[in-house]
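In what follows, a single structure is set out as structure tokens and then discussed.
The values are calculated or read from the model by the stated rules, or taken from the named source; none is laboratory data. Given the structure is predicted, the values throughout are model-derived calculations rather than measurements. When we count neighbours, we look across all protein chains shown, and the Cβ atoms used for this are built from the backbone with ideal geometry, even at glycine.
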Amino acid sequence: MKIGVIGGAGVRTVIFINGLLKRYRQLNIDEVVLFDIDKEKLDIIGSLCRYVVRRAGESLNVRTADEATDAISGMDYIVTTLRVGGDHSRVIDEEVALKNGVIGQETTGVGGFSMAVRTIPVLLEYCELIAKHAPNAWIFNFTNPSGLVTQALHAAGYHRVIGICDAPSSMKYRMAHYLNVREEDMYVGFFGLNHLSWIESIRVHGREIMPELLADDKFLSSIQELEIFDKDIIRLTGLLPNEYLYYYYHRERALANMTGSGLTRGQTIEKVNRIMFDQLKSLDIEAEPEEALQTFLYGMQMRENSYMTIESGSAARPMIEKGRLEVPEGMGYAGVMLDCIEGLQSKNGRTLVLSVLNQGAIPFLKEDDVVEVTCHVDSRGISPVRPADVPPMCEMYIRLIKRYERLTVEALQEGSEHKALEALALHPLVNSFSLAKKLLDDYAEAYGERLIRPRS
């Protein structure tokens, strides 16, 4: 079996390949083909990926492609991981938002809107190629904002698409480590939308432990995703929040930290990536592969250790010196995808969190709404697990953000800026028609064209 990666020059590709090495034989995968429009970066990432394979003494074939069709034709699985406009587009998205006094995070609010409407038309072009050259392939969408993008692809008629996010799996990993249990012995029940989800149940060996965890101050202060929240809001809802709910629960705090830092997350990522790739370009990767790999890993460590620090006002996590860094073994996006592939190939299956069609899991949403929920995945397909209860506060958030997502997709389909205005005005992180209008005008000025263009 073969995997094609569209957007293969992304920095996470090296970690994806390393995670695959422990499981590619079991999953019957023999080749990975990487494609990206940035040929220079693709050559660097491709060389690092092949070195990671050689370093592990494995035989997985990893190659780069000059044309998208080469990474699509005959593939069994296709990963889409795009950043249309490059790193600097994220800087623009955040700066325009902050200038207008709103949060510009790239997966939600106006930043997520800007990224989505630039990205979806490009992804749809790739999906046309996939429908032609690999109609039976499963598409794993890693492209943010994952839930909204996945909704758009389904709305366009592409139904073998699964949205992947590493936030739920990373949180489960850290909770299992804290509790000193194996992940496979712990069930975690998520429900909601991508970056707007909650945990309603945690069972270890079948025993429900949520009430104990909610009462445990040490637990709530020790899990990276939870430590940024006031404990009162967690106990008020009786649910553990996805870390991105920080932007909703503590909006004024996040905005003040972002405004006062003098540096946005996008600027941080742009700088780290620029320095890292400049250093890699100066190296002969074939002659100095370990030096190149350590340079890459140090840059990735800088990214990961500063994650959510600007928004939360917390200190960056400690750094490990260059030369002693190991390649992560695939926790995150790659791990979720590989778990899903393993589930699809097995009779007993796997339980994991995915963005998929609702199919009645959240009763007040439409069947074809994309939701992020715990799913059972096996050779018969993907079955979302219905939550036991959706509290009224969660229901209101879900209804509102799903309406925003639907309107955004319709705005693109119809070339309707009116629907784009309605979508942004409804979003809790904008919540104003006049502000939504000004934001769209400011993005048009920043990008030199309207984000939503009339259909010809």
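Quick one: which residue in R317, R303 is outside any helix (DSSP H, G or I), under 20 Å from Q267 (Cα atoms) and in contact with a helix residue (DSSP H, G or I) (Cβ under 7 Å, 6 or more places away or on another chain)? On inspection, the qualifying residue turns out to be R317. Answer yes if at least one residue in region 39-55 is of a type outside the set (K, R), free of Cβ contacts under 8 Å to residues at least 40 places away in the same chain and outside any helix (DSSP H, G or I), and no otherwise. There is no residue in region 39-55 that is of a type outside the set (K, R), free of Cβ contacts under 8 Å to residues at least 40 places away in the same chain and outside any helix (DSSP H, G or I).
Kindly provide the set of residues from region 284-326 that are under 25 Å from V102 (Cα atoms) and either charged (D, E, K, R) or touching a strand residue (DSSP E or B) at 6+ places or on another chain (Cβ under 7 Å) (or both), ordered by number. Passing the criteria: R303, E304, E311. Listed here are the strands (runs of 3 or more DSSP E) enclosed by region 343-386 that have at least 1 residues being hydroxyl-bearing (S, T, Y) and closer than 17 Å to H154 by Cα: 350-357, 381-384. Being of a type outside the set (G, A, S) and either in contact with a helix residue (DSSP H, G or I) (Cβ under 8 Å, 6 or more places away or on another chain) or within 16 Å of G335 (Cβ to Cβ) (or both) is a description that applies to I6. The C-beta contact set for region 347-366 (first residue touching a residue at least 40 places away in the same chain (Cβ under 8 Å), second residue of a type in the set (K, R), distance under 6 angstrom, 6+ apart or interchain) comprises A361/R386.
Taken as a whole, the structure leaves A9 outside the set of residues that are part of a helix (DSSP H, G or I) and among the aliphatic types (A, V, I, L, M).
Within region 31-60, the set of residues being acidic (D, E), closer than 18 Å to F140 by Cβ and more than 21 Å from the chain's Cα centre (by Cα) comprises just one member, E31.
Select, from Q359, Q267, the only residue that is under 30 Å from M396 (Cα atoms) and surrounded by fewer than 20 Cβ atoms within 10 Å (Cβ to Cβ).
Values: Q267 fails: under 30 Å from M396 (Cα atoms).
Just a single option satisfies the conditions, and that option is Q359.
Filtering region 134-153 down to residues that are under 15 Å from the mean Cα position of the chain (by Cα), without any contact (Cβ under 8 Å) to a residue 60 or more places away in the chain and in a loop (DSSP other than H, G, I, E, B), which residue is surrounded by the fewest Cβ atoms within 10 Å (Cβ to Cβ)? Spell out how you get there, then give the answer.
Just the residues of region 134-153 that are under 15 Å from the mean Cα position of the chain (by Cα), to begin with: 139-151.
Pick out the ones that are also without any contact (Cβ under 8 Å) to a residue 60 or more places away in the chain and you get 144-145, 149.
Retained after the next criterion (residues that are in a loop (DSSP other than H, G, I, E, B)): 144-145.
Working: N144: 24, P145: 27.
By that ranking, first place goes to N144.
What residue, of I228, I275, I269, is under 30 Å from I45 (Cβ atoms) and in contact (Cβ under 8 Å) with a residue 60 or more places away in the chain? So that I can check it myself, show each step before the final result.
Working: I228 fails: under 30 Å from I45 (Cβ atoms); I275 fails: in contact (Cβ under 8 Å) with a residue 60 or more places away in the chain.
Unique residue meeting the criteria: I269.
Provide a single number: the residues in region 91-133 that are surrounded by fewer than 20 Cβ atoms within 10 Å (Cβ to Cβ) and closer than 18 Å to G260 by Cβ.
Residues of region 91-133 surrounded by fewer than 20 Cβ atoms within 10 Å (Cβ to Cβ): 92, 95, 98-101, 118, 121-122, 124-125, 128-129, 131-133.
Pick out the ones that are also closer than 18 Å to G260 by Cβ and you get 95, 98-101.
Residues flagged as surrounded by fewer than 20 Cβ atoms within 10 Å (Cβ to Cβ) and closer than 18 Å to G260 by Cβ within region 91-133 amount to 5.
Among the residues of region 421-445, those that are outside any loop (DSSP other than H, G, I, E, B) and either of a type in the set (D, E) or in contact with a Lys or Arg (Cβ under 9 Å, 6 or more places away or on another chain) (or both) comprise L421, E422, A423, L424, A425, L426, L440, D441, D442, Y443, A444, E445. Here is a check on your reading of the model: is E395 modelled with pLDDT of 95 or more, assigned to a loop (DSSP other than H, G, I, E, B) and more than 21 Å from the chain's Cα centre (by Cα)? Spelling it out, it is not the case that E395 is modelled with pLDDT of 95 or more, assigned to a loop (DSSP other than H, G, I, E, B) and more than 21 Å from the chain's Cα centre (by Cα).
Quick grid of which residues meet (1) in contact with a His (Cβ under 7 Å, 6 or more places away or on another chain); (2) modelled with pLDDT under 95; (3) hydroxyl-bearing (S, T, Y):
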| site | (1), (2), (3) |
| --- | --- |
| L226 | no, no, no |
| N242 | yes, no, no |
| A287 | no, no, no |
| I310 | no, yes, no |
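Condition test on G323, is it more than 23 Å from E372 (Cβ to Cβ) and buried (at least 18 other Cβ atoms within 10 Å of the Cβ)? It would help to see each step written out before you state the result.
Working: more than 23 Å from E372 (Cβ to Cβ): yes; buried (at least 18 other Cβ atoms within 10 Å of the Cβ): no.
In short, no.
Could you grab me the full set of residues in region 12-38 that are part of a loop (DSSP other than H, G, I, E, B), β-branched (V, I, T) and crowded, with 17+ Cβ neighbours inside 10 Å? Steps first, answer last, please.
Looking only at region 12-38, we keep the residues that are part of a loop (DSSP other than H, G, I, E, B), and these are 12, 22-30, 36-38.
Right, trim to β-branched (V, I, T) and you get 29, 37.
Across region 12-38, the qualifying residue is only I29.
Residue-level analysis places D389 among those that are modelled with pLDDT under 95 and within 30 Å of A254 (Cβ to Cβ).
Within region 104-123, take every residue that is in a loop (DSSP other than H, G, I, E, B) and more than 12 Å from L439 (Cβ to Cβ) and give me the one that is nearest to the chain's Cα centre (by Cα).
T107
Condition check for H88 on (1) in contact (Cβ under 8 Å) with a residue 40 or more places away in the chain; (2) surrounded by fewer than 21 Cβ atoms within 10 Å (Cβ to Cβ); (3) not in a helix (DSSP H, G or I): one failure, at (3).
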